[in-house]
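Comments concern the structure below.
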Amino acid sequence: MTLNLATQPFVNRRRFYTLTSAAAVVLGLTLAVLLSIFARNFRNEIGIRKQMKTVRQEIARLDEDQQQLEERLKRPEAADILDRNDFLNTLIRQKAVSWTRIFMDLEKVMPERVQAISLHPVAQIPGVEGSKRSNAPVSFDGPLVIDLKLQVSSEQFEDLVKLVRHLQVAPFWKPVVNTTDPQADAGAPGGQVGRVPVFTKDKDNLYKMSMSVSYAQ
């Protein structure tokens, strides 16, 4: 049979086949990559589900242990042990108080004509509020926080007010309330001295101020 180029011209399809083959290879590689990513994510999801199941089981076990421990702590014999531990923790915490640092930090905020009459530091124990335990765990981590009962005197009332202002802005003292109302401390919880300065004047015309502030050592 004779080929008539006029009716059936020759068409070079090599470029089309080359591009099609290249596209097929790229699509095949893309599909392989996507399948690999899908398989990896699927395996990771299975692993995460197993970990979550393990964590839930561990949480449930810890909750059960906590409930059992709370039941034991509610027994009368456990109360005596806890009170004894609180007393020992108080002694340990109190022994950690540095009187030298208290005087050094107090000197930074004390006006010149103000004299300290008495200092009574009581170290706070996290998890113990006054004579009652709170829900917070007992911990000795972090800075030592002290309830410092302070009594000072001065010839000038303004100097005592200046001391209160210094305590309000000092980084190692928690703010105190500046007031002359001695009744404000009457509702302090636990019968403790509140954080309200109480001003008095003695027979020698000296102004005295008593207050309790929180001090981080």
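The values are calculated or read from the model by the stated rules, or taken from the named source; none is laboratory data. This structure is a prediction, so every number in the text was calculated from the model and none was measured. Cβ sites come from the backbone with ideal geometry, for glycine too, and all protein chains shown count toward neighbours.
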Just the residues that are hydroxyl-bearing (Ser, Thr, Tyr) and over 25 Å from the mean Cα position of the chain (by Cα), please, taken from segment 65-121. THR100, SER118
Residue in segment 161-178 that is modelled with the highest pLDDT, counting only those that are part of a loop (DSSP other than H, G, I, E, B) and closer than 11 Å to ASP105 by Cβ: ALA170
ASP181 vs. criteria of a type in the set (Asp, Glu), modelled with pLDDT of 50 or more and more than 11 Å from LEU150 (Cβ to Cβ): no
